[in-house]
Every structure is written in C-alpha cells, then in structure tokens.
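The values are calculated or read from the model by the stated rules, or taken from the named source; none is laboratory data. Note that this is a predicted model, so its numbers are computed, not measured. Because the Cβ atoms are built from the backbone with ideal geometry, glycine has one as well, and the counts that use them run over all protein chains shown.
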Amino acid sequence: MQLPADPSRRRLLAQGAALVAATSGAAQAQTAAPAPAAAAEAKPFPAYVAWKNQAQMIQHTGTTIETKRTAYGTSVVTPVDRLYIRNNLPAPDASIVNDRDGWSLAVEGVRSPRVLTVRELKSLGIETTATVLQCSGNGRGYFPSKPSGTKWQVGAAGCVIWSGVPVRSVVAALGGLADGARFLTGTGGEKLPEGIDPKSVMVERSVPLSNLENALLAWEMNGEPLPHAHGGPLRLIVPGYSGVNNIKYIKRLAFTAQESEAAIQKTGYRISPLGEKHDPSHPSVWEMEVKSWINGPAPDAGPVKAGMVQIHGVAMGGMQAVKRVDVSIDGGQTWREARLVGPDLGRFAWRQFVLPLKLEPGTYQLACRAQDVKFNWQAEVTPENSGGYLNSGWRAHGFSITVA
Ligand SMILES: Nc1nc2c(c(=O)[nH]1)N[C@H]1C(S)=C(S)[C@@H](COP(=O)(O)O)O[C@H]1N2
Ligand SMILES: [Mo]
C-alpha cells in the first residue's frame, strides 16, 4: 500500500509504527506496520477510554482492550496509556472521580464496622507495591480448543505500581476482624441494571483471608491518581491474584465467613474440565502462575535483520519472585539462560529479561520459560479448561521468526 505523499499526513498515519519501533528497538517494525487504511478503519475507543494510546492497543470490544505485544517496551512498568482494559459491566459514570477523597467504602466484618471516605483512608497508612495485573483469560487465544471468551494473546497484562493503604491497617483501625472471617470480599461500585437479580451481574469477589497480609486499597497508579477506567477513585489490589480479584471502584470491603454468592464468584472464574459448566466445587481462579513471554522480536513484525538480536520479554512468578528465565531458539530442544534486566520491584512485579544472540539468516522457533524462587518451572502446556483461564504454557506462547 502506498503512503500518502504529504509528509505531515504520512507522519500522522505512520505514528503507530514509529512508536512501535521506538519502544521495541525493532527498526524493521516500520515496514511491517498495518497498512494505514486498516489503521484508519479501526473502531475508535469508547469515551471512557478515549484517552488511551489507541495505536498501541487491540480493541476486541469496548470493554476488552489489550496491549500490543510490541507496546510493552523494556522498562518494567507498563504505561497507563496502553495498559489493558477489562470490564464485566459498563464502567460507572466518570463523574465518580470528580471528588476522589469523598468516595466512600463500607467496611464490614470487623469489630467496628464503618463507612470510611478515601480522605479518612489516607490517614490510616501508605504503602506502595508493584504487581502484575493480568486478566485470568490472558493467553486464552493460544488454547487449541478455542474456548469462548475474549481471545487475549499476551496483552491482557501489565506491571503497575500501586499506592494506597494496606487493608490490614484499615482492619487494625476498626478494632480487628470480627469472629469467623475466612474471606476478604470486595464489591465493585457499578450501577446494576434494573429488573434482574443483582447477584447475576454484580462484580463481587472473595479471596482467602491470607491475603490480608498484602492486599492494598489503592488510589494511585504509576504515580498518577487512579484513572476512572482502571478503578478510580479506589481499587482493591490483591497481589499475585489474577485480574478479576482486583476490584475496581470498590464500595464495600467485607470480611466474610463464606465466599460471595455473586455469580462471578460462585460459578464464574472456575477452573472447570473441558466441556463442563463452571461449578462451585471447581477451583476458583485466584493465584497466578509462573509465566513468561517474549515481546521482541515480535512474531508479526516482519523479517529480523541478521546479526545481533536482543531477544527480550517479561517473566513473573505469580505468588513468588521469578528467579530465572531460559530462552530457546529451536522450539525448546535447547535452552540458554537469559539475563534479568532493570530494577527488581518485588516479588509480585514482573522482571524484564534479555538474551543477546548473533543470528544467521534462517527461521527460528522462539520460546521462553521462567522459574520462580521456589524452583517451580513455567508449565510446558497448561491443561485446557472450559473457561480458557490461566494459560501459561510456554509451548503455546512460542512463535517463529524469520531472520534475513
Ligand atoms: N468493579 C469491577 N472490578 C473489576 C472488573 C469489573 O468489571 N468491575 N473486572 C475485573 C477483571 S476481569 C479484570 S481482568 C481487571 C481489569 O482491570 P483493568 O481494566 O484496570 O485493566 O479488573 C477486574 N476488576
Ligand atoms: Mo479478567
């Protein structure tokens, strides 16, 4: 496809490709960028996420938008303007962030239950934690049986720095836990559609009480007030747990004896055998697993120039820190240890890794596998499950590149 002659217009149209080249260091990305016509046809993002860097993202639907693999860059933290978006319900009105400090949270299941404003929460403590935020369905697109749901590739994830008050400080300020508490249950502040059973649609999730140690009520992300689209004014962060457990616009935090009766907890987000309906007896999608993937060279960025190539990507340990990453260029027959690069932001963050290699022209089957500090290796193949959750198999995440 011909590019228009006018240089300013051309620059505008090629902007996406140029940014890709700048962030991934892959100079050849420019030639393999989507044709300008295709980019121009891409559906504009809905109003609540119109501020996102649309050239760096893939819009599946208005409520499921993923980060392009080439948009991750190599500097650990994922910029908010390209962090993925997932909403199970339409987001509440953006006006909820007009008075951030006035947002209120009901805290139940403590000795002195109370409604606290964000202003009050801010007086109870401050902690900052980096975590991987990753949708339970990230990688679903790589399951051979094509389970229903968004066919996320690698982009329903990001590494984010959150700042807020530790949940345990809030509990301490309210006299400690009430008797019988076994779960930490968060409820989202969406307005529910009328005329249907609220439990069938409400976003309410329970996680084991062991998360009291690390959970955070965050009002800041990557140094900015938490954007409305990512859960502002206030969001529950459960480090190491998959996306759905990190409740946006949280309005109620309860320490409960039982798991939530909401469908999203009871029958949704369960690891169920293929062909079976989710059932409360199946394991809930909670902890994330050790996982890694390669971001550059990207699979669809065109031929890579022969010579030195920096094979780079991200690796996470789930509940543990990641210890090591191996890279293969022959589909997993032989492995070489990559180097972890950049600052270590703690056990719930991901690490960037790189393996520099001199590559002759040819075709290479790239793969990577991570190991956590407890010596658990990333699975070669994640067994399929009916919801297509938690795909972390290294074989499915591999791809081939051509070097010319
Ligand atoms: N209140 C509320 N919280 C929510 C959701 C939601 O729909 N409503 N979606 C969950 C899911 S499935 C994911 S993957 C993450 C997505 O977070 P993000 O949109 O900030 O990337 O939020 C989780 N928390
Ligand atoms: Mo999700």
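For segment 203-211, the count of residues that are within 11 Å of ligand 1 (Cβ to nearest atom) and among the polar types (S, T, N, Q) is zero.
Can you tell me which residues in segment 195-224 are of a type outside the set (A, V, I, L, M, F, W, C), within 21 Å of Lys248 (Cβ to Cβ) and assigned to a loop (DSSP other than H, G, I, E, B)? Passing the criteria: Asn214, Asn222, Gly223.
Taking segment 196-216 as the range and being in contact with a helix residue (DSSP H, G or I) (Cβ under 9 Å, 6 or more places away or on another chain), without any contact (Cβ under 8 Å) to a residue 60 or more places away in the chain and more than 18 Å from Glu261 (Cβ to Cβ) as the test, the residues that pass are Asn211, Leu212, Glu213, Ala215.
Pro144 falls short of the stated requirement of being assigned to a loop (DSSP other than H, G, I, E, B), on the phi < 0 side of the Ramachandran plot and within 15 Å of ligand 1 (Cβ to nearest atom).
For segment 77-132, filtering for residues that are assigned to a loop (DSSP other than H, G, I, E, B) and under 15 Å from the mean Cα position of the chain (by Cα) leaves 7.
Yes/no per residue for (1) at pLDDT 95 or above; (2) of a type outside the set (Lys, Arg); (3) assigned to a strand (DSSP E or B):
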site	(1), (2), (3)
Phe255	yes, yes, yes
Gln265	yes, yes, no
Ala301	no, yes, no
Met308	yes, yes, yes
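Among the residues of segment 300-340, just one is exposed (fewer than 15 other Cβ atoms within 10 Å of the Cβ) and under 14 Å from Thr70 (Cα atoms), namely Asp300. One residue alone among Thr150, Thr129 is of a type in the set (Val, Ile, Thr), away from ligand 1 (no atom under 15 Å from the Cβ) and in contact (Cβ under 8 Å) with a residue 12 or more places away in the chain, and that residue is Thr129.
Restricting attention to segment 153-177 and to residues that are crowded, with 18+ Cβ neighbours inside 10 Å and assigned to a loop (DSSP other than H, G, I, E, B), the residue that is farthest from ligand 1 (Cβ to nearest atom) turns out to be Leu174. Could you tell me whether Pro233 is of a type outside the set (Phe, Trp, Tyr), under 16 Å from Val170 (Cβ atoms) and assigned to a loop (DSSP other than H, G, I, E, B)? So Pro233 fits the description; yes. Residues that are within 26 Å of the chain's Cα centre (by Cα), of a type in the set (A, V, I, L, M) and either assigned to a loop (DSSP other than H, G, I, E, B) or farther than 21 Å from Gly73 by Cα (or both) within segment 310-343 comprise Met319, Ala321, Ala338, listed in sequence order. Scanning segment 238-246 turns up no residue that is over 17 Å from the mean Cα position of the chain (by Cα) and either within 16 Å of ligand 2 (Cβ to nearest atom) or surrounded by fewer than 23 Cβ atoms within 10 Å (Cβ to Cβ) (or both). Only one entry of Ser169, Ser200, Ser148, Ser163 meets the criterion of being away from ligand 2 (no atom under 16 Å from the Cβ) and within 26 Å of Lys266 (Cβ to Cβ), and that entry is Ser200. Scanning segment 203-225 for residues that are within 16 Å of ligand 2 (Cβ to nearest atom) and of a type in the set (A, V, I, L, M) yields Val203, Val207. Against the condition within 12 Å of ligand 1 (Cβ to nearest atom) and in contact with a helix residue (DSSP H, G or I) (Cβ under 9 Å, 6 or more places away or on another chain), how does Leu83 come out, does it pass? Spelling it out, Leu83 is indeed within 12 Å of ligand 1 (Cβ to nearest atom) and in contact with a helix residue (DSSP H, G or I) (Cβ under 9 Å, 6 or more places away or on another chain).
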